[in-house]
Amino acid sequence: EPFTYAGRPFLALINGGMLSPFIFLIWIGTFIGLTYYQAYIVFILFYFFLGALGFYVLSREVLKSDFYAFLAYAALLFSGIGLMVFNQIYLLFIFVPSMWFAAFLVRFVRRFQKSDFLGVFFSAIIMELSYYPFYLLTVCIVFALVFALFYVRRLKFIFVRTLGFLKANPWCLVFCFLAIIIASMPLFMYKMRDSRGEMIAPVRHPGCTPPG
């Protein structure tokens, strides 16, 4: 579409989820015979319900009730965000990993299990790869402030238990930081090439003449 983003492919933007591992579900859909449009719709529906499941897990951890967690889940399904994902996919890219990041973090500070610790970092990596890293930092800061507000009396206990967990499982921390560094390399390389002017974006270079 030449009149949308100056002809630049919407999902081919580096910050448009192109590096997210879940985006390959669209390719799988086309591989099994779906059209690109059908595969895209299946992807956003699946991804939205994956985020809704994360919201349910988070609600159950916070509310400590399956019934109220289900009510929160149902309210989310019929909220505005359920419709906005069809025309604002960026919200979906931020929403889904954010819900799982919060859910895994709350579970970790209650149980201090390796699976939850790895889930926190995996969700953070998905957030980083799905959209601007600035939003990852924003989500982390906002959630940390809200978390500290609700668990102010447990902060010292959480800090001590977390240090104990890291001392007992140093390989978890090393593995997670290596995973973040490796996952960040494509974004870093893109930024370096973009800063040198090697990346040509039609929306920024309207007067450029395509080669040939």
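Dipole of region 31-179 computed with +1 at Lys/Arg Cβ and -1 at Asp/Glu Cβ about the Cα centre; of PHE95, GLY33, GLY164, farthest Cα towards the positive end is GLY164. Between region 137-155 and region 28-97, the C-alpha centres lie 24 angstrom from each other. Extending 7 Å from the Cα toward the beta-carbon at both ILE180 and VAL152 defines two label points whose distance is 2.8 nm.
The residues of region 115-177 expose on average 65 square angstrom of accessible surface per residue, using a 1.4 Å probe on protein heavy atoms. For the pair LEU63 and TRP27 in one chain, pulling the backbone fully straight at 0.36 nm per residue adds 9.2 nm over the alpha carbon distance. FRET efficiency for the ILE41 to LYS167 pair, using the beta carbon distance and R₀ = 35 Å, is estimated at 0.15. Sketch the reach of a paramagnetic label on ARG110 as a point 7 Å from Cα along Cα-to-Cβ, and name the residues of region 58-89 whose backbone nitrogen lies under 20 Å away. So the set is 58-76. Exposure check, 1.4 Å probe, all protein chains in place: LYS114 carries approximately 90 Å² of accessible surface.
The values are calculated or read from the model by the stated rules, or taken from the named source; none is laboratory data. What you see is a predicted model, and the numbers here were worked out from it, not measured in a lab. Note that we place each Cβ from the backbone using ideal geometry, even for glycine, and neighbour counts take in every protein chain shown. Just the protein is used for accessible areas: all its heavy atoms, side chains included, with ligands, DNA and RNA removed. Shrake-Rupley method; radii C 1.70, N 1.55, O 1.52, S 1.80 Å.
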